[in-house]
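One structure is given below, encoded as structure tokens.
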Amino acid sequence: MVIFLRPIAGALVTLVVYPVLFLISLGIQYARSVLPPGIDQPLKLRFYHATFISVFLWGSVLEKLRLYKFLNVLRLVTNGLPPFRDPSLLIQNEKFGDVAVKIYQPKKASTTKRKGLLYFHGGAGTYGSVDSYERILRYICKEADAVVVAVKYGLGPENPFPNQYVECEKAAIHFMKHAEDFNVDASRIAIAGDSCGANFVARICQLLVSRDDLPKVHAQVLIYPGLQGMDFYLPSYQQNSRVPIMWRETVIYFCCLYLNKTTSLINDVLESCHVPAAIRQKYRKWVHADLIPDKFKVRGYKPQDPALYKFKPEVYEEMKDILEETFSPLFASDDVVHKLPQTFLLTCEFDVLRDDGLLYKKRLEDNGVPVTWVHAENAIHGVAILFGYGIFSFPSAKRIVRETTRFIKNL
């Protein structure tokens, strides 16, 4: 009876409370957000950000009423709308061992083996799904004439970190070993992802470079990646701290959810209280504002006084996972980085994670890895997920997906 009544109660709460929450969220958005000149379609962005904030509030209300968990509400909303059936594609749900995947293949026969693409979706490791990326994955499959395998890795915190990396690595190994089964050339398999999915890509490619029993990854595709958990005062974190949809503190909030840590640590992590002096000194050569080109510092950047850092051992013990190479692949050694495959790397100007991408670009290039870099000057983090929604999308989303697909097509 309780299970039967829960959806009804949830629907009633939504009808009565959600409109009020949306108006409150709109007020919060206008009061606290900053939209710099040049950002893509600012009014539409304000609406989407208000919607995002209202989902947070709505999910919190439903969780307090013990009707639904907050993350389940967020996952439901961000799954998007299913597109119409595409008769030109064969789309199948499969299992690579114990890892669920969704495979997209052009139905049109090919006289040669196709290229393959493994895709890890974004969503901070806690939300998002293959369904959220359906339009992007179909587009890449058709336009790049590729077999696309999207990995349905388990979300945290229910699926504990670092299981996501393990599942993605298992899927990559299976696909490489069984490429023939999908009429794929094993020497032309690329691995792609966005946001946290790009983080998974970077780390999985690092783990695979020394495997002699597998074909080499042909390319890695990193779309606005988050790659380090040490410095949250980089220029992009300062400049875009209040730019929708991902504020500076939102990054740490989702890190805490993902790692199943208390969100009371957010401010301490933002202030780098979790970083011992030895670790800061060790990785300064790879993660520091001095390594960011000056043209990216002109918009409101202020260097931080090192004397302001206050290390707290208890915060380090709780959050030390984010300083390991698994979470922060930017910390991988040069003898690993120089073996990495050709790379497509996309950054967005109005994204707190922009400088993670710029720092990795420098590391790759310093180690002789060919990099195709695209910088979306008017875009925000996560905008690509709205690709294919017509007037509800953004021009920058179309550009990001098309530039990414062009690179994959030319592999």
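The values are calculated or read from the model by the stated rules, or taken from the named source; none is laboratory data. These figures come from a predicted structure and were not determined experimentally. FYI the Cβ positions are ideal-geometry reconstructions off the backbone, even for glycines, and counts take in every protein chain you see.
If Thr250 satisfies all but one of (1) among the hydroxyl-bearing types (Ser, Thr, Tyr); (2) touching a Gly at 6+ places or on another chain (Cβ under 9 Å); (3) surrounded by fewer than 21 Cβ atoms within 10 Å (Cβ to Cβ), what's the number of the condition it fails?
(2)
Show me the strands (runs of 3 or more DSSP E) entirely contained within segment 76-166 in which 2 or more residues are in contact (Cβ under 8 Å) with a residue 60 or more places away in the chain.
Answer list for segment 76-166: 99-106, 114-120.
Give me the residue from segment 182-202 that is among the charged types (D, E, K, R) and surrounded by fewer than 24 Cβ atoms within 10 Å (Cβ to Cβ) and, out of that set, farthest from Arg354 (Cα to Cα).
Only one residue tops the list, namely Asp185.
Of the conditions (1) closer than 30 Å to Val147 by Cβ; (2) of a type in the set (S, T, N, Q); (3) under 20 Å from the mean Cα position of the chain (by Cα), Ser88 satisfies every one except a single condition; which number is it?
With respect to (1) closer than 30 Å to Val147 by Cβ; (2) of a type in the set (S, T, N, Q); (3) under 20 Å from the mean Cα position of the chain (by Cα), Ser88 is out only on (3).
Being in contact (Cβ under 8 Å) with a residue 12 or more places away in the chain, over 21 Å from Arg32 (Cα atoms) and either among the polar types (S, T, N, Q) or buried (at least 17 other Cβ atoms within 10 Å of the Cβ) (or both) is the filter here; which residues of segment 270-284 pass it?
Correct list: Ser272, Cys273, His274, Val275, Arg280, Tyr283.
Residue-by-condition table, conditions (1) within 13 Å of Ile385 (Cβ to Cβ); (2) in the same structural domain as Thr343 (by TED's automatic domain parsing); (3) of a type outside the set (Ser, Thr, Tyr):
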| residue | (1), (2), (3) |
| --- | --- |
| Gln105 | no, yes, yes |
| Thr111 | no, yes, no |
| Phe120 | no, yes, yes |
| Gly125 | no, yes, yes |
| Ser129 | yes, yes, no |
| Glu143 | no, yes, yes |
| Ala146 | no, yes, yes |
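Residue by residue, here is whether (1) of a type in the set (A, V, I, L, M); (2) in a loop (DSSP other than H, G, I, E, B) holds:
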site	(1), (2)
Leu222	yes, no
Leu227	yes, yes
Tyr233	no, yes
Ser241	no, yes
Pro244	no, yes
Tyr253	no, no
Tyr258	no, no
Asn267	no, no
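Restricting attention to segment 277-292, which residues are within 19 Å of Lys362 (Cβ to Cβ), among the β-branched types (Val, Ile, Thr) and assigned to a helix (DSSP H, G or I)?
Matches in segment 277-292: none.
Only residues that are of a type in the set (A, V, I, L, M, F, W, C), surrounded by fewer than 15 Cβ atoms within 10 Å (Cβ to Cβ) and at pLDDT 85 or above: list them for segment 57-76, please.
Result: Leu76, single match.
I need the full set of residues from segment 378-397 which are under 16 Å from Ile140 (Cα atoms) and aliphatic (A, V, I, L, M), in order please.
Listed by number, the residues that qualify are Ala384, Ile385, Leu386, Ala397.
When you check Thr326 against the structure, is it in the same structural domain as Cys256 (by TED's automatic domain parsing) and closer than 27 Å to Arg135 by Cα, yes or no?
no
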